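Student: The structure follows.
The values are calculated or read from the model by the stated rules, or taken from the named source; none is laboratory data. None of the values given here were measured: they were computed from a predicted structure. Cβ atoms come from the backbone with ideal geometry, glycine included; neighbour counts cover every protein chain shown. These area figures cover heavy atoms from the full protein model, side chains too; ligands, DNA and RNA do not enter into them. Shrake-Rupley method; radii C 1.70, N 1.55, O 1.52, S 1.80 Å.
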Amino acid sequence: MKGALVVGIDYYKHHNPLYACSKDARKIRDLLSNHYNGFANFDVDLEVSESSKYPITREFLRNKIESLFSKDPLEVALFYFSGHGYIEQTGGYLATSEARKGHQGLSMSDIMKFVRASRAGNKIIILDCCYSGALGQYTKDENYSNLPDNTVILTASGADEFAVEAGGSSLFTALLLDALEGSAADLSGHITPGSLYTHVDQSLGALQQRPIFKANVKRFISLRKSEPPIPFEVLKRIADFFENPDAIFPLDPSFEITEPSANPANVEVFKILQKLNRVNLVRPLPPDPYMYFAAVNSGACALTVLGRHYWNLIRNNRLKS
């Protein structure tokens, strides 16, 4: 079972209000709750504060986070926060609705204490707030690792940086949503914490806020599955067409449907090879620049570097649908 706590705070009694956090939190909830095909994914507890009628206080937030990480062992426990952040010499804080001063919010070190005590199989914390990179920083006064096993931290900015809102939405969460919708997926459609970070990192320039990624894991888990760019059954066929990663597949005009010598069985095979070519798994061999010419000129095709990687995954039964 996967559990997530998703929090967005727009309302602040003593600080400038925010306008995108609750909206962003709802979008994160919507994407995490289900895979692209509608199958259930995370059980999500959504908590948003948009007015004084529904404040999110320090005690409320603390209890919610403690509850998430102390549940009977979850496969994945994920915490997402969007709101104000604060930092001082004692560390970083998540600002809560009632806090007059930043350090009256929830300490990031308290969050890490809950994470360390958690028996969840995987712990993931995603913070979209200013100074969020302070989460999990090394503190010489503490005699334990700040990043326990099977833990991933992804933050919008460094410990000394602001997080930016743009176009009525957080810049970081806008990229995060894009990644969860499929931009960070592999060819099987799986989206991992590592691919989320890669997407966000590549989308931001050197002079913009820099996302922070910290991990202590043996392997990345799949957070969500988006629609794969190629059906899984088609992807697996590369191991049928190529007996080894360096094999060459000969072609001739019988593979091309427009040729007089077209053979129906070969045409069907060629359609699959062309699909594999479009996702950079198969390439025509020189001098033919395109698969069509490789067929009509009796050329050949072979696996790309990426294709050889997926060939090995398939042959070693390492690829999940």
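Student: Take the residues in segment 85-98 that are modelled with pLDDT of 95 or more and assigned to a loop (DSSP other than H, G, I, E, B); name whichever of them is most open to solvent (accessible area, probe 1.4 Å).
Tutor: Glu98
Student: Residue by residue through segment 1-51, note down the ones that are in a helix (DSSP H, G or I), open to solvent by less than 50 Å² (accessible area, probe 1.4 Å) and in contact with a helix residue (DSSP H, G or I) (Cβ under 6 Å, 6 or more places away or on another chain).
Tutor: Those that are in a helix (DSSP H, G or I), open to solvent by less than 50 Å² (accessible area, probe 1.4 Å) and in contact with a helix residue (DSSP H, G or I) (Cβ under 6 Å, 6 or more places away or on another chain): Asp24, Leu31.
Student: Continuing with this model, one more query. Only residues that are touching a residue at least 60 places away in the same chain (Cβ under 8 Å) and either within 13 Å of the chain's Cα centre (by Cα) or closer than 16 Å to Ala77 by Cα (or both): list them for segment 197-213, please.
Tutor: Matches in segment 197-213: Phe213 only.
Student: Return the residues of segment 56-75 that are closer than 11 Å to Arg119 by Cα and crowded, with 20+ Cβ neighbours inside 10 Å; say none if nothing qualifies.
Tutor: Leu68, Phe69, Leu74
Student: Among residues belonging to segment 218-231 that are open to solvent by less than 50 Å² (accessible area, probe 1.4 Å) and out of contact with any His (no Cβ under 8 Å at 6 or more places or on another chain), point out the one that is farthest from Tyr36 (Cα to Cα).
Tutor: Ile221
Student: Spot the failing condition for Val267; the list is (1) in contact (Cβ under 8 Å) with a residue 24 or more places away in the chain; (2) open to solvent by less than 30 Å² (accessible area, probe 1.4 Å), and only one is missed.
Tutor: Condition (1) is where Val267 drops out.
Student: Next question. Which one of these does Leu176 not meet: (1) crowded, with 19+ Cβ neighbours inside 10 Å; (2) under 23 Å from Leu235 (Cα atoms)?
Tutor: Evaluating Leu176 over (1) crowded, with 19+ Cβ neighbours inside 10 Å; (2) under 23 Å from Leu235 (Cα atoms) leaves (2) as the failure.
Student: With the requirement that a residue be buried (at least 17 other Cβ atoms within 10 Å of the Cβ) and among the aliphatic types (A, V, I, L, M), what does segment 272-295 give you?
Tutor: Ile272, Leu273, Leu276, Val279, Leu281, Val282, Met291, Ala294, Ala295
Student: Being within 17 Å of His309 (Cβ to Cβ) and among the polar types (S, T, N, Q) is the filter here; which residues of segment 221-252 pass it?
Tutor: The answer is Asn244, and nothing else.
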